[in-house]
2 protein chains.
Amino acid sequence: MSQLVEHRSRKAARVLESTRELVLDHGIRKLTVAEIAKAAGVGKGTVYLYWPSKEDLIVGLFAREALTLLEALVARLDADPASVLPSRLAPLLVSTGRRITLANRLTAGDFDLLRQLVRQSGARELFADVMPAALCEAVMPVLHRHGLLRNDRPLADQAFAMHAMLTGFGDAVLEPDAAPRPAGEPEAILADAVARLLEPATAPDDAALAAAATEVAAAVNRTRDAVLDLIGRTQVPGA
Amino acid sequence: MSQLVEHRSRKAARVLESTRELVLDHGIRKLTVAEIAKAAGVGKGTVYLYWPSKEDLIVGLFAREALTLLEALVARLDADPASVLPSRLAPLLVSTGRRITLANRLTAGDFDLLRQLVRQSGARELFADVMPAALCEAVMPVLHRHGLLRNDRPLADQAFAMHAMLTGFGDAVLEPDAAPRPAGEPEAILADAVARLLEPATAPDDAALAAAATEVAAAVNRTRDAVLDLIGRTQVPGA
DNA sequence: AACTGACCAATAGGAACGTTTTGGTCAGTT
DNA sequence: AACTGACCAAAACGTTCCTATTGGTCAGTT
């Protein structure tokens with residue numbers, strides 16, 4: 001049974017969509033349950049049929065955004081196992097990270113509040129694990145084992161370099177005004193950089209790609225399952 | 001004549017040193033002129049002999065930190081022109097950036113206040129120019145012109161990649177807990193990455209290195225002069 | 001000339017109070 | 001069973017007032 005209450009209840013779906021729009025418009029700190037209910041066209045009590053508290057609703061909303069990112073990654077890996085190549089995976093992570101619009105648009109104050117809400121719901125580590133750099137760090141050993149990384153450098157150094165590149169390119173993509181304007185696409189520049197730095201001279205064969213993609217997708221799916229569990233815990237049981 | 005009032009007055013030097021220690025201990029928002037004067041062993045009026053206001057004193061303090069960084073860069077380039085090689089310059093910028101202890105240790109609230117003080121003294125752009133990534137971006141054309149960058153990629157893309165790498169590696173160095181633990185030194189990993197990505201296969205000759213180092217040092221010196229001018233403007237004229 | 005610290009206007013901070021708003025509940029309705 | 005919105009305790013917010021603190025000045029001192 002799906003943990004996503006909105007798959008069972010149209011009103012719950014409206015509540016989530018209204019919450020999302022209000023967060024995008026006004027941030028978290030000015031959000032009220034009365035406004036959410038009004039925008040969703042339901043009574044306030046209806047909101048509490050599905051979420052035990054306003055805080056749970058907010059955490060659940062952001063968790064769904066993380067879920068979307070993870071599912072997009074898995075879908076891409078399933079559709080095209082070559083996406084597991086570091087020079088494909090890095091830009092994939094940056095571009096899916098770029099689409100976390102809710103989290104990306106928060107002001108500093110709202111971000112602080114969200115962090116507190118997440119911490120209080122015991123999900124700080126899980127949200128950290130969903131970050132592009134953390135996801136990549138988690139799967140570097142898999143890439144190494146399948147020969148997708150050159151083996152003339154310590155894996156720890158390669159992981160460090162990959163983390164720094166994802167962070168640096170990710171920031172540059174999210175704040176283009178702070179970075180020089182490239183001639184090409186940022187993701188293409190990142191792909192080129194990762195290929196040069198981390199990939200072996202000899203391309204791995206399709207079997208290695210497929211095996212690596214399967215393992216990486218499995219790891220991402222485990223994180224996805226944990227996010228689904230969190231979402232389940234933010235909802236009223238039995239709703 | 002030196003713009004640095006502390007070169008002419010021992011009491012001014014003590015005021016600066018005391019201010020620095022108090023900022024490191026308590027941040028900016030809790031800083032008082034009475035405390036600074038007491039720690040420096042002077043009267044409050046003495047502080048106002050050298051700086052027109054508390055705000056000027058603070059901006060002057062941070063400007064001196066920027067000055068230290070710029071002078072360290074120029075000294076390095078003068079001592080060893082090979083430092084101008086991208087694979088040498090990038091880690092040099094990261095390691096000198098790491099030593100901006102005053103700025104690096106500010107809490108978010110103090111950082112916001114500093115930004116306001118800097119903006120009010122009309123020095124926002126200058127402080128931005130001192131950032132490692134901005135310094136490097138400014139000199140990329142010089143490196144390109146002297147053949148220190150491979151020429152099979154657009155310079156704009158190389159500048160973008162360099163910016164992202166300095167940002168990513170810089171962040172990883174400043175917040176090691178958020179990054180995977182490398183086997184080697186972060187600066188060495190960055191050097192290796194930059195060499196592979198940006199440097200030509202054929203090493204440039206010493207003449208090119210020397211010429212490039214001279215131009216880069218000149219550019220850094222121009223920024224240094226601007227910082228000295230700012231410092232002069234934060235002090236009481238004739239003090 | 002260099003320096004000091006008492007002085008003071010301005011600002012910051014905190015307490016108290018009253019008003020408004022909000023999260024969450026639940027009796028009543030459909 | 002699903003839903004609503006009046007209700008209420010709690011919290012948030014704004015205002016007023018008072019006290020304490022601070023930035024900056026300058027008459028007096030060395």
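Quick rundown of the values:
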read-out: Only Lys, Arg (+1) and Asp, Glu (-1) charged, at Cβ; the protein assembly as shown dipole about Cα centre in debye; value: 1720
read-out: Prolate/oblate/rounded label for region A:80-191 (Cα gyration tensor, a/c 1.5); value: oblate
read-out: Region B:56-233, dipole about Cα centre (Lys/Arg Cβ +1, Asp/Glu Cβ -1), debye to the nearest 20; value: 220
read-out: Neighbour cut-off at most 14 other Cβ (10 Å), DSSP loop, trypsin sites (Lys or Arg not before Pro), region A:1-39; value: A:Arg8, A:Arg29, A:Lys30
read-out: Formal net charge of residues neighbouring A:Ala201 (Cβ-Cβ distance under 12 Å; K, R +1; D, E -1); value: 0
read-out: Residue among A:His144, A:Leu92, A:Ala128 farthest towards the positive dipole end of region A:67-167, charges placed on Cβ; value: A:Leu92
read-out: Nearest-ten-degree value, helix A:186-198 long axis tilted from longest Cα axis of chain A; value: 50
read-out: Shape call, region B:1-88: gyration tensor on alpha carbons, a/c limit 1.5; value: prolate
read-out: Inter-copy label distances at A:Ala201 (7 Å, Cα→Cβ; nm, one decimal); value: 1.1
read-out: Table column - 3J(HN,Hα) (Hz), region A:4-21, Karplus curve with 6.51, -1.76, 1.60, x for Gly and Pro; value: 7, 4, 5, 6, 10, 9, 5, 5, 4, 4, 5, 4, 5, 5, 5, 4, 4, 5
read-out: Projected label distance in nm at A:Ala203 and A:Ala183, using a 7 Å step from Cα toward the beta-carbon; value: 2.5
read-out: Largest-first ellipsoid semi-axes for the protein assembly as shown, taking √(5λ) over the Cα gyration tensor eigenvalues, angstrom; value: 44, 34, 17
read-out: Computed [θ] at 222 nm, helices only, for chain B once each DSSP H run of length n ≥ 4 contributes -39500 (n - 2.57); value: -23000 deg cm²/dmol
read-out: Karplus-derived 3J(HN,Hα), 6.51/-1.76/1.60, for each residue of region B:224-238, Hz, glycine and proline x; value: 4, 4, 5, 5, 4, 4, 4, 4, x, 6, 7, 9, 5, x, x
read-out: A from B by rotation - nearest chain B beta carbon to the axis, in Å; value: B:Gly168, 1
read-out: Cα-derived Rg to Rh of chain B, Kirkwood definition; value: 1.02
read-out: Degrees, to the nearest 10: A:132-145 long Cα axis against longest axis of chain A; value: 40
read-out: Packing-based order for A:115-125, B:200-210, using average beta carbon neighbours within 10 Å, highest first; value: A:115-125, B:200-210
read-out: Within 10 Å of each Cβ in A:29-39, the average number of Cβ atoms from other chains; value: 0
read-out: Inter-chain Cβ neighbour average for residues A:191-200, partner chain, 10 Å; value: 3
read-out: Spin-label model distance (nm) - B:Arg119 vs A:Thr107, 7 Å beyond Cα toward Cβ; value: 1.2
read-out: Within straight-line cross-link reach of B:Lys44, lysines at Cα separation under 25 Å, skipping those fewer than 8 residues along the same chain; value: B:Lys11, B:Lys30, B:Lys54
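Taken together, the values in this text are just the output of simple stated rules run on the coordinates, not laboratory data. Because the structure is a prediction, the values reported are computed rather than measured. Here the Cβ is made from the backbone with ideal geometry for all residues, glycine too, and neighbour counts use every protein chain on show.
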